[in-house]
Amino acid sequence: MSPSARGLAALLCAAALLEGCKKEEPAPPEDRTLAKLREEVDRVNQGGAPSGPPSDNSTDPNARLAGLATGQEEEEAKTLALPSTNPTVHADTLAVKLTGLESLHSLRGSGKVGLTTEELFLRVQLIAQNVGTDPSQPAHVAFSTARVVDAAGKDYPIAQDAQTLAGTRKLNRTWEQDQRDSIVLIFEVPPSALAPGLTLLLPTSSGEDVRLPLQQ
């Protein structure tokens, strides 16, 4: 018999002795605690593991995600360091620069609407301006086809639902001369993608992508 089983058996014996001392009273019916002790002894004697204390949901990696999904918990976005060089790139005449980069498991829109992922939402904030010199030639950029690519070459498109919920909704735009505005793009990526080599790819009219480094 295992030490755990011997301990439970000792409890049963103590309980039985206590019942025997009360001869002047009729033996009370077996209570639930005694029954559970007997069941536990039988289970351990048959090879089962002793029961431990109730599990702590705080150690369950899914417990926090469940809390975020139901709105019982709030998450603070993790700010990622920008590349040390952080260049300005040009999608045709649209100059684009990275101004912010965050990751988080849960996104919230207006009201109680939210989205939660087991991976990560990557929120990319840009500032863009049409620096073309010809006012008759606006810049047309389809940010809806932007994507990020990790160091292994795997790419990730815009997370459409998340983008609609918490990003810039109008992604395919025409930028007039000198027009300047910020834009937020949201992607869904695995944690392993947030490493040196992560790059944002932006479309151009030539069909070639402009590469904007996100992590170096």
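Bear in mind that the values in this text are calculations on the coordinates, not laboratory data. Keep in mind that what you see is a predicted model, and the values were worked out from it rather than measured. Cβ placement follows ideal geometry from the backbone for every residue including glycine, while neighbour counts extend to all protein chains displayed.
Some notes on this structure:
- A straight chain from Ala195 to Lys97 at 0.36 nm per residue would run longer than the Cα-Cα distance by 33.3 nm.
- Cα→Cβ-extended label distance, 7 Å offset, between Gln177 and Glu208, nm: 2.7 nm
- Gained length - Thr164 relative to Gln137, 0.36 nm times residue gap less alpha-carbon distance: 6.8 nm
- Each other residue within a Cβ distance under 15 Å of Gln177 adds +1 if Lys or Arg and -1 if Asp or Glu, for a net charge of -3.
- Note on Asp42 and Leu82: the extension gain reaches 8.3 nm, defined as 0.36 nm multiplied by sequence separation minus the Cα-Cα distance.
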